[in-house]
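Worksheet for the structure shown next.
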Ligand SMILES: [Ca+2]
């Protein structure tokens with residue numbers, strides 16, 4: 001199988017054309033990284049060649065230095081056209097999903113020729129073309145995703161010149177997440193030596209991926225005893241992260257190694273390695289089509305299961321701003337459930353828009369008597385779809401909790 005790196009460079013640009021795909025910095029950085037990885041040595045070689053040619057002054061004809069007057073003319077020709085400015089919206093301003101965003105372009109000089117049209121782009125897609133003054137438009141944000149949106153206005157002058165205005169706005173969620181209540185059904189033992197990074201339910205068992213250098217593992221455990229019925233210790237230099245199931249396979253991420261492992265579910269035999277460019281692997285789940293991954297930021301990455309290449313990204317926001325430290329994940333009935341690192345709280349994300357629809361406050365679910373020992377943060381969400389039961393635990397927690405949720409999410 002070709003590596004993910006090869007796939008990322010041969011991958012076609014996003015052809016979906018949907019506004020769902022943000023032109024986010026994460027993706028840009030990965031693409032640039034890819035480019036530099038390929039072109040780095042080539043570029044270095046060319047630079048060296050150019051330098052040696054310059055030093056030897058023997059590469060092509062000699063360039064005559066320009067006069068001062070010629071330099072001034074070049075500078076004027078290269079100057080940007082600045083006949084207009086964006087009066088609205090202000091760069092980095094915030095709006096609520098569903099709001100109409102006013103856009104207004106103003107002329108700042110009468111010395112330039114007339115303007116034929118103004119094109120408005122959002123997230124790389126053309127939204128509207130304005131003909132004739134006033135150059136004002138109301139952009140509807142209904143059914144868009146939340147998060148940062150790069151905007152571009154291109155002004156076409158009658159003499160053929162073009163002027164670009166680039167800015168960015170943020171769309172927040174239009175709802176305040178409500179809190180879902182839960183009911184504690186059962187408390188089961190959990191290995192207090194398990195630094196829980198991934199948790200998933202299947203056919204009466206829990207599968208767990210654990211982390212920490214020299215302590216990482218993959219295990220299948222009996223729910224009522226917490227005892228592993230199968231366990232695989234990872235190499236000492238691998239820090240295990242999120243896991244998920246896909247048919248008869250288990251996927252397991254690693255923290256900073258940018259590699260994932262694929263195992264046979266029945267035997268834990270490692271059958272494949274997958275590579276990714278995202279710098280840190282945190283949580284992992286599967287929605288029936290894509291693997292869904294977190295990296296500790298407010299971003300969620302959709303990965304193609306076969307080659308583990310990034311298909312799209314989602315930014316997660318509530319009505320106040322970005323919600324970061326997204327950790328262990330579970331795809332449940334059309335929503336993404338996520339632990340927030342360092343909080344005893346689960347957020348429920350709408351995968352279409354990225355907005356948080358609800359939260360579950362689990363503060364105090366681990367009794368005080370169990371907190372006297374060495375424990376770490378709340379982490380791990382698994383779902384029994386038949387019984388509609390949620391399993392939650394924490395890193396080094398001695399207990400596993402079985403809960404039911406009350407109300408719609
Ligand atoms: Ca999970």
Closer than 21 Å to residue 351 by Cβ, assigned to a loop (DSSP other than H, G, I, E, B) and either within 21 Å of the chain's Cα centre (by Cα) or outside the structural domain of residue 352 (by TED's automatic domain parsing) (or both): is that true of residue 242 in this structure?
no
Checking residue 116 against (1) under 22 Å from residue 298 (Cβ atoms); (2) over 26 Å from the mean Cα position of the chain (by Cα), which single condition isn't satisfied?
(1)
Name the single residue that is nearest to the ligand (Cβ to nearest atom) among those in the range 369-403 being closer than 19 Å to residue 204 by Cβ, surrounded by fewer than 16 Cβ atoms within 10 Å (Cβ to Cβ) and within 29 Å of the chain's Cα centre (by Cα).
385
Failed condition for residue 308, given (1) over 12 Å from the mean Cα position of the chain (by Cα); (2) modelled with pLDDT of 95 or more, with all others met?
(2)
Restricting the first residue to the range 321-337 and requiring it to be outside the structural domain of residue 94 (by TED's automatic domain parsing) and within 14 Å of residue 359 (Cα to Cα), which pairs with a second residue that is within 8 Å of the ligand (Cβ to nearest atom) and assigned to a loop (DSSP other than H, G, I, E, B) meet a Cβ separation below 8 Å and a spacing of at least six or different chains?
326/283; 329/283
Being under 22 Å from residue 179 (Cβ atoms) and either outside any loop (DSSP other than H, G, I, E, B) or in contact (Cβ under 8 Å) with a residue 40 or more places away in the chain (or both) narrows 278, 292, 300 down to just 300
State whether one or more residues within the range 351-368 are within 16 Å of the ligand (Cβ to nearest atom), closer than 30 Å to residue 93 by Cβ and either part of a loop (DSSP other than H, G, I, E, B) or at pLDDT below 95 (or both).
yes
Only residues in the range 355-366 that are within 13 Å of residue 392 (Cβ to Cβ) count as the first member; pair them with residues that are in a loop (DSSP other than H, G, I, E, B), Cβ under 6 angstrom, at least 6 apart or cross-chain, and list the lot.
360/180; 362/344; 363/344; 366/397
Does residue 347 meet the test of being under 26 Å from residue 96 (Cα atoms), away from the ligand (no atom under 15 Å from the Cβ) and touching a strand residue (DSSP E or B) at 6+ places or on another chain (Cβ under 7 Å)?
no
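The values are calculated or read from the model by the stated rules, or taken from the named source; none is laboratory data. If you're wondering where the values come from, they're calculated on a predicted model, not measured in any experiment. All Cβ positions, even for glycine, are placed from backbone atoms using ideal geometry, and neighbour counts span all protein chains on display.
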